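Undergrad: Let me give you the structure first, and then I'll get to my questions.
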Amino acid sequence: MCGIVGYNGNLDAKEILLKGLEKLEYRGYDSAGIAIRNKEGVTVFKEKGRIKDLRNVVDGEIKGNIGIGHTRWATHGVPNKINAHPHQSATKRFTIVHNGVIENYHLLKKQYLNNIPMQSETDTEVIVQLVEQFSKEGLSTIEAFRKTLSLLHGSYAIALLDEEDGDTIYVAKNKSPLLVGVGDGCNVVASDAMAMLQVTNQFIEIHDGEVVLVQKEKIEISTLDGQKIERKPYTVELDASDIEKGTYPHYMLKEMDEQPGVVRKIIQEYSNEAGELSIDEAIFAALRGADRIYIIAAGTSYHAGLVGKEYFEKLAGIPVEVHISSEIGYNMPLLSEKPLFIFISQSGETADSRQVLVKVKELGHPALTITNVAGSTLSREADYTLLLHAGPEIAVASTKAYVAQLAVLAIVAYVAGEGSDVDLKKELAIVANAIQTMVDSKDEMQKIALEYLNNVRNAFFIGRNMDYYVSLEGALKLKEISYIQAEGFAGGELKHGTIALIEEETPVFALVTQEAVALNIRGNVKEVVARGANACVISMEGLNEEDDRFVIPKVHTLLTPLVSVVPLQLISYYAALERGCDVDKPRNLAKSVTVE
Ligand code: M6R
């Protein structure tokens, strides 16, 4: 997690780096820094906190045309100014920014750097000290850099400056995302194209194990053992306005508002010329050829996977297992004869999921990635990709990507099922309208947040069947942005233990959208109310009762999660606002979780 940027060109680097880091803050925001090189040498500015805090310590007068920058999500060493990047070698000749984790840094320190006093607690510092060590032994900078890289175990995206070389940013990558951008009179480096859209929309992918020399006029890519690689840039089709908040106070609010449009866009993107829902033929064949689907994902994407299982089993008749990526990677279940792995990931960069994909490829099984980010690691490394078309999701709390994941999963399952009698296209259009009704009900959601979540310690979300999966997502949303301890439960499970936690006024949000289990969940509501809970029932039209707190518009039973999640997202948002939390950048979190 952490974001890195680099600029080498005709313009003043400082503002470009700071603006770039602002766009990468979603990747980590506990400290930040930049290094600027000019005739006087390399100057480093760093600070604990956000980019706005960094701006306060950057010398407004400093000029320089080459620089690197970093925004950190701490792994090794507490978030403070000393552990913030950039880090420098003992003589300060070399300066580095790094995203990733060096697993063998202790060993390397012991073996090569015994006499070098370390300034920070980070694994990163070892890299820059090694480069200096090897260059002192007579290697050129590129040789010292390559030798250092060959010793590293773990993940990295690195940008390195050499004070004695005013022309080059030395760049390398393994497992962590990194792009090089080709500008007019400049070349740039970034963890995510968004950071450098201010300069260019032409980017070159860097693959694991490659080393890149980024100079003002040229970019030279080679393998770790020095073989040259030619790779053409591609155009990133993002509009700079897509990544702005506009008049919204928070990205999360903007992204929730975009959800009806996202569903409509997905219908359009997955319709063929005849106007029928369709997917790539090779993906269709892979689905039809599978005797079992294994869905692999983390967090919100895992919750989408649980709903996806219902879609594949009900619409396509294909059995499905859903696994948390950080668990299955180290404990592969017995696989079926013809498995198909589906990776669901908004970012396409989640390290836990990626390590599973690597194993799946080693085993020789086919893999499909469903992601929001074209060209992301999981997309590149899988056999097939389906895009979410949700537009950039910046808020750490995933909202529109979840809805998009459900819509795409429904379409894929429907197409794979061929003979389904659901008119999915029509049903999804109804869903888009229902979501619109939900996002137009913000005032009511704000009232509910105040009514049920003011000054509470904890909250519960219950549901059965599809509603249970949405309860898990509702609880995740609330806890990650408001820090209220929240748990999602299958309604029937409460009485097996958790009901012991229900006290006078404990908020319990209950979803009632599944006809088959509506009476059962209403029974569970009665059980918690009898023990003092403050129950907020959110039901669907047709299943509603008089005292329900909110009624969502009627949609197809299978598609209710796309709609019922929206009030939970909004309630979480307003609860977090009420508590004065930083909605878009909750504490301890980052948008892309690129460490295992
Ligand atoms: O990018 P991914 O979908 O792979 O990310 C997985 C989780 O880290 C992510 O969904 C996380 O749980 C969100 N912050 C939830 O809002």
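Undergrad: Go through (1) β-branched (Val, Ile, Thr); (2) without any contact (Cβ under 8 Å) to a residue 40 or more places away in the chain; (3) closer than 17 Å to Val214 by Cα one by one and return the number of the condition Val57 breaks.
TA: Checking Val57 against (1) β-branched (Val, Ile, Thr); (2) without any contact (Cβ under 8 Å) to a residue 40 or more places away in the chain; (3) closer than 17 Å to Val214 by Cα, the one that fails is (3).
Undergrad: Test each condition in (1) under 25 Å from the mean Cα position of the chain (by Cα); (2) crowded, with 21+ Cβ neighbours inside 10 Å for Val439 and report the one that comes out false.
TA: Exception for Val439: condition (2).
Undergrad: Counting just the residues of the range 181-194 that are in a strand (DSSP E or B) and without any contact (Cβ under 8 Å) to a residue 60 or more places away in the chain, which one comes out surrounded by the most Cβ atoms within 10 Å (Cβ to Cβ)?
TA: Here the answer is Gly181.
Undergrad: How many of the residues in the range 1-17 are in a helix (DSSP H, G or I) and closer than 25 Å to Lys175 by Cα?
TA: 1
Undergrad: Condition test on Ile295, is it modelled with pLDDT of 95 or more, away from the ligand (no atom under 16 Å from the Cβ) and of a type in the set (A, V, I, L, M, F, W, C)? Steps first, answer last, please.
TA: Numbers: modelled with pLDDT of 95 or more: yes; away from the ligand (no atom under 16 Å from the Cβ): no; of a type in the set (A, V, I, L, M, F, W, C): yes.
In short, no.
Residues checked against (1) modelled with pLDDT of 95 or more; (2) within 32 Å of the chain's Cα centre (by Cα):
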residue	(1), (2)
Ile502	no, no
Lys526	yes, no
Glu541	yes, no
Phe550	yes, yes
Val555	yes, yes
Val563	yes, yes
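Undergrad: How many residues does the range 108-151 contain that are among the aliphatic types (A, V, I, L, M) and in a loop (DSSP other than H, G, I, E, B)?
TA: Residues that pass the stated criteria total 4.
Undergrad: Do the conditions hold for Glu362, that is, is it assigned to a loop (DSSP other than H, G, I, E, B), exposed (fewer than 15 other Cβ atoms within 10 Å of the Cβ) and more than 16 Å from the ligand (Cβ to nearest atom)?
TA: no
Undergrad: With respect to Gly317, determine if the residue is at positive phi, touching a residue at least 24 places away in the same chain (Cβ under 8 Å) and outside the structural domain of Thr557 (by TED's automatic domain parsing).
TA: Yes; evaluated as a whole, the condition is true for this residue.
Undergrad: With the condition kept exactly as written, say whether any residue in the range 205-216 is open to solvent by 60 Å² or more (accessible area, probe 1.4 Å) and not assigned by TED's automatic domain parsing to the domain that holds Lys400. Don't jump to the end; show me each part of the working.
TA: Taking the range 205-216 and keeping what is open to solvent by 60 Å² or more (accessible area, probe 1.4 Å), we get 207, 216.
Cutting the leftovers down to not assigned by TED's automatic domain parsing to the domain that holds Lys400 gives us 207, 216.
For the range 205-216, residues open to solvent by 60 Å² or more (accessible area, probe 1.4 Å) and not assigned by TED's automatic domain parsing to the domain that holds Lys400: present.
Undergrad: Ok, one more. Filter the range 477-503 down to the residues that are closer than 23 Å to Met466 by Cβ, assigned to a strand (DSSP E or B) and open to solvent by 30 Å² or more (accessible area, probe 1.4 Å), then identify the one that is nearest to the ligand (Cβ to nearest atom).
TA: Of everything passing the filter in the range 477-503, Glu487 is nearest to the ligand (Cβ to nearest atom).
Undergrad: Looking at Thr399 and the list (1) polar (S, T, N, Q); (2) within 16 Å of the ligand (Cβ to nearest atom); (3) farther than 23 Å from Lys425 by Cα, which single condition is not satisfied?
TA: Answer for Thr399: the failing condition is (3).
Undergrad: Same structure again: Just to confirm my filter: which strands (runs of 3 or more DSSP E) fall fully inside the range 31-83 and include at least 1 residues that are closer than 17 Å to Ala190 by Cβ?
TA: The strands (runs of 3 or more DSSP E) meeting that bar are 31-38, 66-72.
Undergrad: Yes or no: Leu178 open to solvent by 40 Å² or more (accessible area, probe 1.4 Å), at negative phi, of a type outside the set (S, T, N, Q) and within 24 Å of the chain's Cα centre (by Cα)?
TA: no
Undergrad: Still on this structure, I have one more. So which residues in the range 323-355 are away from the ligand (no atom under 14 Å from the Cβ) and part of a strand (DSSP E or B)?
TA: Those that are away from the ligand (no atom under 14 Å from the Cβ) and part of a strand (DSSP E or B): Pro339, Leu340, Phe341.
Undergrad: Out of the range 518-541, which residues are open to solvent by 10 Å² or more (accessible area, probe 1.4 Å) and of a type in the set (S, T, N, Q)?
TA: Within the range 518-541, Asn520, Asn534 qualify.
Undergrad: Residues in the range 376-383: is at least one within 15 Å of the ligand (Cβ to nearest atom) and open to solvent by 30 Å² or more (accessible area, probe 1.4 Å)?
TA: Yes, some residue in the range 376-383 is within 15 Å of the ligand (Cβ to nearest atom) and open to solvent by 30 Å² or more (accessible area, probe 1.4 Å).
Undergrad: Can you find even one residue in the range 387-399 that is buried (at least 20 other Cβ atoms within 10 Å of the Cβ), within 25 Å of Val551 (Cβ to Cβ) and touching a His at 6+ places or on another chain (Cβ under 9 Å)?
TA: Taking every residue of the range 387-399 in turn, none turns out to be buried (at least 20 other Cβ atoms within 10 Å of the Cβ), within 25 Å of Val551 (Cβ to Cβ) and touching a His at 6+ places or on another chain (Cβ under 9 Å).
Undergrad: A follow-up question, please. Find all pairs meeting these conditions: Cβ atoms under 7 angstrom apart; at least six residues apart or on different chains; first residue within the range 279-298 and over 22 Å from Gln355 (Cβ atoms) and assigned by TED's automatic domain parsing to the domain that holds Lys359; second residue surrounded by fewer than 19 Cβ atoms within 10 Å (Cβ to Cβ) and of a type in the set (S, T, N, Q).
TA: Asp291/Ser336
Undergrad: Another question about this same structure. Which one is least open to solvent (accessible area, probe 1.4 Å) among residues in the range 125-175 that are modelled with pLDDT under 95 and at positive phi?
TA: Here the answer is Gly154.
Undergrad: Report yes if Ala432 is small (Gly, Ala, Ser), within 13 Å of the ligand (Cβ to nearest atom) and under 26 Å from Gly348 (Cα atoms), otherwise no.
TA: No; evaluated as a whole, the condition is false for this residue.
Undergrad: I would also like to ask the following. Taking interchain pairs and intrachain pairs at least six residues apart, which have beta carbon atoms under 8 angstrom, with the first residue in the range 480-496 and of a type outside the set (A, V, I, L, M) and the second part of a strand (DSSP E or B) and within 16 Å of the ligand (Cβ to nearest atom)?
TA: Close Cβ pairs (under 8 Å, with a partner that is part of a strand (DSSP E or B) and within 16 Å of the ligand (Cβ to nearest atom)) amount to Glu487/Phe461; Gly488/Phe461; Phe489/Phe461.
Undergrad: Of Glu321, Glu310, Glu393, Glu337, which residue is closer than 29 Å to Gly209 by Cα and of a type in the set (D, E, K, R)?
TA: Glu393
Undergrad: Hey, can you tell me all the residues within the range 435-476 that are within 16 Å of the ligand (Cβ to nearest atom) and of a type outside the set (D, E, K, R)?
TA: Phe461, Tyr469, Val470, Ser471, Leu472, Gly474, Ala475, Leu476
The values are calculated or read from the model by the stated rules, or taken from the named source; none is laboratory data. Remember, it's a predicted structure, so these values are computed and weren't measured experimentally. As a convention, Cβ positions derive from the backbone with ideal geometry for all residues, glycine included, and neighbour counts pool all protein chains shown. We work out accessible area using only protein heavy atoms, side chains counted, and drop any ligands, DNA or RNA first. Shrake-Rupley method; radii C 1.70, N 1.55, O 1.52, S 1.80 Å.
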